[in-house]
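The values are calculated or read from the model by the stated rules, or taken from the named source; none is laboratory data. Quick caveat, the model's predicted, so the values are computed rather than measured. Cβ placement follows ideal geometry from the backbone for every residue including glycine, while neighbour counts extend to all protein chains displayed. The area values use the complete protein model at the heavy-atom level, side chains included, leaving out ligands, DNA and RNA. Shrake-Rupley method; radii C 1.70, N 1.55, O 1.52, S 1.80 Å.
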Amino acid sequence: MSAQQVKIAQHQVVSIDYELKNDDGEVLDSSAGQEPLTYLHGTGGLIPGLEKALEGKAAEDELEVTIPPEEAYGEFNDSLVQKVTTAAFEGVEKVEPGMQFQAQGNNGELQRIMIVAVEGDDVTIDANHPLAGQTLHFSVQVRDVREATEEEKEHGHAH
Ligand code: ZN
């Protein structure tokens, strides 16, 4: 019995194991010890550079991909670094660097905001994605590729 090699294309449900490193070789994220990551291909479920690299691959394929910021989480945007005052954090006992908050962006989308510095009442916040401006290095093993169900296609994500 030989399984047909299904190639990754639009509306395939794909499962991958992966390890993500930065330029310094530091591991930033990995599926090790967890279920493989499952996504619906061609719907923006993964960063563009990774979907592009996976296109046409099949189960058991392994790949090493280097993805520049513009095909990952974008360039670092200085205008997303802003100064506010501690008054903006009403109800927070101690405002400290490293804290993360969810805030509503201009288009109503949820934005993650990180406090990068606190000096007296001045708080510097950064709404860039934590991986903005970084070149990403992925090691990927394709585990499974299958046709999406009608329901998954309708929903735009894998079940
Ligand atoms: Zn759904």
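Using a cut-off of 26 Å between alpha-carbon atoms, which lysines can reach Lys83, once sequence neighbours fewer than 8 places away in the same chain are excluded?
Lys83 reaches Lys94.
Assigning unit charges at the beta carbon (Lys, Arg +1; Asp, Glu -1) and nothing else, what dipole magnitude in debye, to the nearest 20, does the range 89-130 show about its Cα centre?
It comes to approximately 220 debye.
Solvent-accessible area per residue for the chain at a 1.4 Å probe radius, Å²?
Heavy-atom accessible area per residue stands at 63 Å².
Does the chain come out rounded, prolate or oblate by the C-alpha gyration tensor, with a ≥ b ≥ c the root eigenvalues, rounded set by a/c under 1.5 and, if not, prolate when a/b is larger than b/c and oblate if not?
Taking the square roots of the gyration eigenvalues as a ≥ b ≥ c, the chain is prolate.
Order Glu152, Glu147 by their accessible area, 1.4 angstrom probe, all chains in place, largest first.
The residues order as Glu147, Glu152, largest area first.
Under 19 Å between alpha carbons, and skipping anything fewer than 8 positions from Lys7 in its own chain: which lysines qualify?
Output for Lys7: Lys52, Lys57, Lys153.
Share of the range 12-159's accessible area from carbon and sulfur, percent, 1.4 Å?
Carbon and sulfur together cover 44 percent of it.
Under a Cβ-Cβ cut-off of 12 Å, what is the net charge of the residues other than Thr86 that fall near it, where Lys and Arg count +1 and Asp and Glu count -1?
-4
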